[in-house]
Every structure is written in C-alpha cells, then in structure tokens.
Amino acid sequence: MAGIGVKLNKIYGKHTITTNLFGFSYSTMITIAPMFLVILAVLIMQMLLGFSKVGYAGRELYSCTVLYIFIFALLTASPFNAVLSRYMSDVIYRESYEDILACYYLGLFMNIVLSCMLGIPFCIREYVVGHVALHYVLGGYCGYMSLVLVFYSMLYLSICKDYSKISFFFLIGMVVTVLLSLVLVKLFFFEVTFGMLVSLDVGFLLIGSLEFALVRSYFRENSGKYREVLGYFKENWQLVLTNFLYNLGLFIHNFVFWTTDMHMVVVKSFVCMTTYDMATCIAMFTNISSSVIFISGVEMRFHDRYKKYSEAVIGGRGMDIRNAKLRMFEQLAEELMRLVRIQFIVSVVVFFLCIIFMPQLGFGGLVMQIYPCLAAGYFILFTMYAAMIFLYYFNDLNGAMATAGSFILVTLLASIWATRLTPIWYGVGLIVGTLVGWSVAYIRLRRMEKNLDVHIFCSGSIMKAGHGIQPSNRVFERR
C-alpha cells in the first residue's frame, strides 16, 4: 500500500525524455483513467448500438439520466469523504487497522441513507409526473446507487494508494458494460437506451463489488467502534461542510443556468442546459491534467519535506525545526508555481486544439462561445483546490472552509449576474468565484507560514478542559 511517489521517483530519477513521458503517462493512468474509461465506454456503446438513430426524446432522457447519476452520486458522497479520510489516516498512523471496517460500514450506511432520501422522491416524481416507464426509472435509480458505492469505496482505496487497482477495476467494469450492452440490444432486443443504462448499472455494480472485496481483503477485523467514528464528524464538522461546498461549487454555476429561459426540461423532471453543460465538460477536460501534475508533485516532493518537518518538531533542535519549516514552505511555493506554469502550457495547447477541431465534431456555435471563459475558470479552480489541500496539511480547517464558502457564494452571485450578459461571458461567474476562493486560500497559507510555530506549539492546553465550578484563581496566600 505504498504511495505512488516511490514509483514516480524511480521513473523520473533517470532524467530522460522517455522516462519523463512514461512518468506522466503512468500518473495519468492511475489518477484520472477511471473517468476516461467511463466516457470511452459510453461513446463506444453509442457508436456500436446506433444511438444517433434513437428518437430525440429518448436520447435526451438517457443523457439527462446519466448526467444526474454522476452529479448527485458525487454530491451525496462529498459530506463524508473528507472526515472519513482523516479518520482512516489516523487509524493507519496508530496501526489500529481493526477500526477501519467500523468506519467503512458506518460511512456506507450514512451515505446510502442520504442518497436514498434524495433519489427516491425524484424517482417517484419521474414515474408519476414524467410518466417514464417503471423499468427505466428503476434502471436509473440502480445506476445511481451503484455509483454511490463506487465513489465511496474509491475513497478507501485511494487512501491506501491503490490507484492502479481502481483503474483496473474500472477497466474490467467498462469492458463488461460494452459487451453486455451488445448482448442485451442485439440478442435480447432491449431498447437501445435502456440496454445501455442497464449495462452501465451492471458495470458500476461490478466495480463497486470489486472495490468492496479488496477493502475486505485488506482489513478483516471489525472493532465495532462506531461511536468513535461519529465523534470525528462532531470534531471535524468543518471538513464535512468544506468538502460539500467545494463539490457543490463545481456545479453551482450549471444549476444557475438551468433556471434561465435557455434551459430544457425532460419528462417534467430533469432540467439541464445542454450547450452550457457541454462547454463545462470540455473546459474541465482542458484542465484535468492539473490533477496529475499536482498529485505527482505532492507525492514526490512536498510530502517528503512535510514529513521531515514533522520529524524535526517531534525530536529536533530549534535550528532543525526552522530549517525544515523554511524548506517545506519553499517546496510548497515551488509546487504551486510548477502547477501553474505546466498547466498553463497544457491548457493553452488543448484550448487551441478544441477551438480548431471541436466545431468539426459538431460542437460549435454557442458551445464554443461559452467555452473560453469556463476554461479559464477551471484553470483557476484546480489551482485553488491545490491550495486547499495544503491547508488540510496544516490542519487549517477554518481556512479551507472559508475558501470553499467564499468560492461557492461568489460563484453563485456572479453566475446569476452573468446570465444577463452575452454568451461569451456566461462563464465569468466561475472565474470571479475561483479568483476569490484562491485569494482566500493564499491569504490563509501566508498567515499559516508566519504563525506556524504558534499553530504547532501553542494549540494545546496544559490542563484538560472540563465542566463544573471554576476553581479560585488564588495560588498563594500569606498568613
């Protein structure tokens, strides 16, 4: 369960063009490959099964169903991920591995309950008001719950640094999805969109089951300390709010444009704005490589500096602590600058490729007018998220919460204002929101750098806090 940093250090350590390209490809495959595999599987199914020949209403219902499955499975998992991640990291540090299954089962139960509370009422409306066939509604709901399991279990394997296993499971699941769709449609004569939806359900359920089996193979004993896990939610409520606000902020500008006159309503249940949503998807892919760049940098360089600083704090001299702190923040600044420099080059190249080739693939007109602003916004967004991760490193939960809160609030207000502008400026709400969020995160990092000694050495208390009658402040009385 070693981190990917060891592997990347071996690859990049040879300092050749070939190894650098291989290192980038390796880090790409183990971090963002699952998303690309799902998209590739959906595209292959559409091409092989003649999706373009399906009626317009059927195509839009399928597209909206898949869109909602992904968005709301991600949102319902977000309140739990950060807290459970911290709990599991602490458990691994204490080497009390029997506590992990208690964390896994309790978190899964809470995630499923929340997901059902949101999913069941929507499905009832889709069936009663939208008059969608019951089997199709159940297919969408099963896909939603299966993806909830996938996202939730991915958290535990990511903490275990088992990125390659996650990608391999997604590869198996998506291969099964494509093959099953061919069987259902060609041999059993399922309707095309329903066959594709059922195949995705089976693929997601297979991935989630494989992830669950791997987690159970790692951790076999269950201590049953569920109350201790609940205590983490109370102690780290900022993590719950921060992660939820950040993930909601990823889509809040889309939700704003779903309320405009340009939105589309499908079966009186699904709401979307196809042009804006497509531009958002392309803009996100333009900057998605930043995840690879940042994860590689943190795993390879910053984590080592952070570890050395922690070791110096535990048993080093004052000079060692100061030097380790200086080197750690120098590395932090270098990682952020490296991320901005490399991602800027990548984004510019991908941007021009999209401008040239996307119209030839049918994504022109309004989509390409909206795209540039959103591409700039996501460029800043991923940089802001990198700063938030560093705030997590220093346990500045209030700073991370302030970053996420300012980001979503300003994005919401600025997006409402942007709906009155011309299409080329529709994405300006995301730009303004991410700039404000990045500024808050940067200010908090600078403050942490100046006051780290106070934060590390003065945050505890000599006496244990308690409730009762306050003792007298008189410590000596002369008689």
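The values are calculated or read from the model by the stated rules, or taken from the named source; none is laboratory data. Since we're looking at a predicted model, the values are computed, not measured. Reconstructed Cβ throughout: ideal geometry from the backbone, glycine too, with neighbour counts over all protein chains shown. Surface areas here come from the heavy atoms of the whole protein model, side chains and all, with no ligands, DNA or RNA. Shrake-Rupley method; radii C 1.70, N 1.55, O 1.52, S 1.80 Å.
Quick notes on this one:
- Looking across the range 395-405, the residues that are surrounded by fewer than 20 Cβ atoms within 10 Å (Cβ to Cβ) and assigned to a helix (DSSP H, G or I) come down to Leu397, Asn398, Ala402, Gly405.
- Those residues of the range 215-231 which are over 21 Å from the mean Cα position of the chain (by Cα) and either open to solvent by less than 30 Å² (accessible area, probe 1.4 Å) or small (Gly, Ala, Ser) (or both), in sequence order: Ser217, Phe219, Ser223, Gly224, Val229, Gly231
- Number of the exception - Leu118 against (1) touching a Ser or Thr at 6+ places or on another chain (Cβ under 8 Å); (2) closer than 19 Å to Leu197 by Cα: (2)
- Lone unmet requirement of (1) open to solvent by 10 Å² or more (accessible area, probe 1.4 Å); (2) within 16 Å of the chain's Cα centre (by Cα); (3) within 18 Å of Phe244 (Cα to Cα) for Phe379: (3)
- Hits in the range 72-103 - residues which are open to solvent by 10 Å² or more (accessible area, probe 1.4 Å), within 19 Å of Leu250 (Cβ to Cβ) and not aromatic (Phe, Trp, Tyr): Leu74, Leu75, Pro79, Asn81, Ala82, Ser85
- The range 387-414 residues that are touching a residue at least 40 places away in the same chain (Cβ under 8 Å), paired with ones that are outside any helix (DSSP H, G or I) (beta carbon under 7 Å, 6 or more apart): Leu397/Asn236
- Any hit, the range 420-427, residues being touching a residue at least 24 places away in the same chain (Cβ under 8 Å), aromatic (Phe, Trp, Tyr) and not in a helix (DSSP H, G or I): yes
- Every pair of residues 6+ apart whose Cβ atoms lie under 7 Å, when the first sits in the range 333-361 and is of a type in the set (A, V, I, L, M, F, W, C) and open to solvent by less than 70 Å² (accessible area, probe 1.4 Å) while the second is outside any helix (DSSP H, G or I) and at pLDDT below 80: Met358/Gly364
Condition check ((1) in contact with a strand residue (DSSP E or B) (Cβ under 8 Å, 6 or more places away or on another chain); (2) surrounded by 10 or more Cβ atoms within 10 Å (Cβ to Cβ); (3) modelled with pLDDT of 90 or more; (4) within 24 Å of Met384 (Cα to Cα)) across all residues:
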position: Trp425; (1), (2), (3), (4): no, yes, yes, yes
position: Val428; (1), (2), (3), (4): no, yes, yes, yes
position: Leu435; (1), (2), (3), (4): no, yes, yes, yes
position: Met448; (1), (2), (3), (4): no, yes, no, yes
position: Gly466; (1), (2), (3), (4): no, no, no, no
position: Ser472; (1), (2), (3), (4): no, no, no, no
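- Residue selected from the range 110-121 under the condition within 20 Å of the chain's Cα centre (by Cα) and without any contact (Cβ under 8 Å) to a residue 40 or more places away in the chain, by the criterion nearest to Phe233 (Cα to Cα): Met110
- Residue count for the range 122-132, restricted to those that are of a type in the set (A, V, I, L, M) and either without any contact (Cβ under 8 Å) to a residue 40 or more places away in the chain or part of a helix (DSSP H, G or I) (or both): 2
- Residue match in the range 11-34 (condition: loosely packed, with under 12 Cβ neighbours inside 10 Å, farther than 23 Å from Met264 by Cα, modelled with pLDDT under 85 and in contact with a Phe, Trp or Tyr (Cβ under 8 Å, 6 or more places away or on another chain)): no
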